[in-house]
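Colleague: Handing you this structure, nothing more for now.
The values are calculated or read from the model by the stated rules, or taken from the named source; none is laboratory data. Keep in mind it's a predicted model, so treat the numbers as computed, not measured. So basically every Cβ, Gly included, is an ideal-geometry build from the backbone, and we count neighbours across all protein chains shown. Protein only, heavy atoms only, side chains kept; ligands, DNA and RNA dropped before computing areas. Shrake-Rupley method; radii C 1.70, N 1.55, O 1.52, S 1.80 Å.
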Amino acid sequence: PQKTSFHRSQTLGYKNGFAFSRLPTVGIGGERLYVNQLSQAELDELSNKRPTLTYGQAKRAPPSGFVPAHVAFDKKILKFDAYFQEDVPLSTEERYRIRQVSIYYYLEDNSMSVIEPVVQNSGLPQGKLIRRHRVPKNDRGDHYHWKDLNRGMNITMYGRTYRIVDCDPFTQVFLESQGIELNPPEKMVFDPYTELRRMPMRKHITPSDFDQLKQFLTYDKQVLRFYAMWDDTDSIFGENRPYVIHYYLADDTVEVREVYKRNDGRDPFPILIKRQRLPKSFVDEKKTFPSCVLEISNQEVLEWYTAKDFAVGKSTALLGRTFFIYDCDEFTRNFYRDKFGITDFQPVEIKKKPLEEAPRVIPPYNGFGVLEDSLQNCFSLLPKPRRKDVIKMLENDHKVLRYQVALESPYPEDRKRRFILSYFLSNDMISIYEPPVRNSGIIGGKYLRKTRVAKPGSTTENAIYYEPSDLTIGSTIEVFGHRFVITDADEYVLNYMESNAESFPTAALQSLRDHFRPRQMVKETANSDIPTLGPSKQELDELIVQVQEELKLHKYLNNKNIREAFLQCDSDGSGILDKATFLELCDSLSVPTNAILLNKLIDLCSCGEDKINYHDFLRAFPL
């Protein structure tokens with residue numbers, strides 16, 4: 001309590017401008033301090049340090065000062081070589097692109113930047129890809145540190161993955177000094193498209209000591225002429241074509257000219273291969289691009305054609321064509337005799353190969369048009385109309401043979417159909433016409449237009465057509481799958497066959513005569529000179545008028561049906577019917593035959609006892 005001084009001794013001092021600390025000598029208030037006093041061991045150590053006691057305390061080195069990071073690591077940068085792959089979707093020549101970059105890590109502030117070397121005319125935005133800053137490592141706020149970088153690893157910055165392949169020597173020394181084990185370096189990957197377009201390095205070629213000027217002055221206007229043949233018979237429409245090969249001794253060039261003949265049908269282009277040096281063998285034998293369209297240089301050609309490559313009797317391949325040399329001119333013989341010592345210049349005789357006649361194959365008939373007209377398309381590119389028999393057409397003009405035919409059919413309604421078959425003698429064509437029949441349910445008219453009809457069993461290669469001799473009464477004709485039976489013929493047919501009896505078989509002519517004999521007998525009887533008790537024409541006309549007046553009372557009669565029934569019943573067309581058939585037909589048509597006037601008309605139309613001429617009877621039934 002009696003203590004009045006509480007000051008502390010000074011422990012901080014300065015010497016030569018540097019601050020240092022020292023131990024207090026006294027305690028608070030100037031009291032004796034036992035804690036900071038030297039111990040006995042320290043006193044003994046001091047007693048043994050005689051140099052220190054003699055020369056005094058040694059001067060201590062000043063403590064090292066604090067150096068900040070921006071001073072310690074100033075201009076110290078870690079450099080890594082890397083690359084990244086970029087897809088190229090809209091290109092047919094490349095699918096991806098390799099871009100080489102340099103990654104810089106700045107030790108002073110742990111920042112990074114990515115720079116791509118600028119390539120001229122690359123068409124890409126190059127240079128600084130990522131500016132210098134601290135690059136985030138993840139979503140937690142961490143940033144990349146130099147401890148995260150190493151060779152042979154991938155690093156992702158802003159969605160783009162970089163492959164680090166190597167680093168510079170300073171980076172390698174720094175990382176190894178910090179205890180980081182580096183991965184072995186990798187080779188840098190180059191862009192394949194850039195390497196493909198890289199220009200080859202120029203190579204110096206020692207100029208040749210061959211004196212071309214001397215060759216030009218010595219052999220100017222001296223040309224070797226060879227006569228050759230190109231055999232192109234293996235290709236379609238190929239042939240042996242003659243050529244002349246000119247070899248110019250002044251510059252070792254070759255020219256191939258075509259040999260044209262009068263009216264050979266070829267265009268006047270005399271030069272096949274223009275004057276140029278022709279390569280014999282290339283450096284790269286596997287070259288697939290056609291060499292005839294390239295500008296060939298000496299670097300690409302291993303050997304050129306020279307004068308010693310041409311000889312009589314040998315083949316030479318020039319730009320893919322093989323020419324056989326069979327002769328040469330007199331100047332060429334003298335040159336080879338003086339230059340190479342060759343004396344054998346025996347010309348080779350070229351024998352033309354006989355042309356192989358290709359068999360003409362006629363395609364099958366397709367059914368369109370007439371067979372002869374369709375066949376003309378197979379004989380020439382521009383078809384010509386077939387040649388017609390003009391004499392036959394003039395002699396038989398307007399001569400037509402007409403026949404009545406019936407259709408053979410399994411259907412009953414078709415069996416009653418009758419047709420008119422016309423045979424035209426001028427061109428051997430057949431047409432078929434069906435007369436329309438009222439209320440038959442079948443539309444009549446033209447059934448077959450004029451055409452030639454082949455017999456069944458004939459082929460398109462050997463077609464056999466119907467002739468007039470094949471058309472006889474009762475014979476069957478097959479027309480495009482339909483069978484017709486000839487039931488009647490025109491009188492002109494009989495007259496024509498009798499006038500040309502030598503062209504028809506005897507049986508066919510006799511069958512037609514037998515068919516017309518009953519009809520001729522009736523006509524002879526009607527036209528005979530035997531006097532008859534029949535009425536005169538005036539009486540018949542008066543009776544027909546009276547019958548018509550009486551039939552007006554019978555309004556149910558159909559005059560047209562009555563006429564068609566009589567004409568259809570008269571199968572031979574003679575106009576004569578049996579009396580029984582006539583009366584039966586009248587009863588079926590409800591004709592009042594019991595009337596007095598009709599009975600008198602029937603008696604006047606009678607031709608004999610049992611025959612009736614129905615043509616006079618039908619005059620009473622006008623249309």
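Colleague: Of the residues in the range 414-450, how many are open to solvent by 50 Å² or more (accessible area, probe 1.4 Å) and assigned to a strand (DSSP E or B)?
Modeller: Adding up the residues that qualify gives 7.
Colleague: Now for a separate question. Considering the range 123-132 alone, what residues qualify as being open to solvent by less than 60 Å² (accessible area, probe 1.4 Å) and in a strand (DSSP E or B)?
Modeller: 127, 129, 130, listed by residue number.
Colleague: Select from the range 260-300 the residues that are open to solvent by less than 40 Å² (accessible area, probe 1.4 Å), at pLDDT 85 or above and not in a loop (DSSP other than H, G, I, E, B) and list them in ascending order.
Modeller: Of everything in the range 260-300, those that are open to solvent by less than 40 Å² (accessible area, probe 1.4 Å), at pLDDT 85 or above and not in a loop (DSSP other than H, G, I, E, B) turn out to be 273, 279, 281.
Colleague: Does the range 1-21 hold any residues that are exposed (fewer than 10 other Cβ atoms within 10 Å of the Cβ), not aliphatic (A, V, I, L, M) and not in a loop (DSSP other than H, G, I, E, B), and which are they?
Modeller: Within the range 1-21, 14, 15, 21 meet the criteria.
Colleague: Next up: Does residue 387 fit the bill of being basic (Lys, Arg), open to solvent by 90 Å² or more (accessible area, probe 1.4 Å) and either more than 30 Å from residue 566 (Cβ to Cβ) or in a strand (DSSP E or B) (or both)?
Modeller: yes
Colleague: Do we have any residue at all in the range 335-355 that's closer than 30 Å to residue 462 by Cα, in contact with a Cys (Cβ under 8 Å, 6 or more places away or on another chain), open to solvent by 100 Å² or more (accessible area, probe 1.4 Å) and modelled with pLDDT under 85?
Modeller: no
Colleague: Take the conditions modelled with pLDDT of 90 or more and surrounded by 13 or more Cβ atoms within 10 Å (Cβ to Cβ) and apply them to residue 232. Does it pass?
Modeller: No; evaluated as a whole, the condition is false for this residue.
Colleague: Filter the range 436-479 for residues that are among the basic types (Lys, Arg) and touching a residue at least 60 places away in the same chain (Cβ under 8 Å); which is nearest to residue 364 (Cα to Cα)?
Modeller: 452
Colleague: Output yes when any residue across the range 147-154 is hydrophobic (A, V, I, L, M, F, W, C), open to solvent by less than 50 Å² (accessible area, probe 1.4 Å) and in a loop (DSSP other than H, G, I, E, B), and no when none is.
Modeller: Checking the range 147-154: at least one residue is hydrophobic (A, V, I, L, M, F, W, C), open to solvent by less than 50 Å² (accessible area, probe 1.4 Å) and in a loop (DSSP other than H, G, I, E, B).
Colleague: Scanning the range 458-506 for residues that are open to solvent by 40 Å² or more (accessible area, probe 1.4 Å), among the β-branched types (Val, Ile, Thr) and assigned to a loop (DSSP other than H, G, I, E, B), which turns out modelled with the lowest pLDDT?
Modeller: In this case the residue turns out to be 460.
Colleague: Something else now. Does the range 359-367 include one or more residues that are out of contact with any Lys or Arg (no Cβ under 8 Å at 6 or more places or on another chain) and under 30 Å from residue 230 (Cα atoms)?
Modeller: Yes, the range 359-367 contains a residue that is out of contact with any Lys or Arg (no Cβ under 8 Å at 6 or more places or on another chain) and under 30 Å from residue 230 (Cα atoms).
Colleague: Just the residues that are open to solvent by less than 100 Å² (accessible area, probe 1.4 Å), within 20 Å of residue 452 (Cβ to Cβ) and free of Cβ contacts under 8 Å to residues at least 12 places away in the same chain, please, taken from the range 356-383.
Modeller: The answer is 367, 369, 374, 376, 377, 379, 383.
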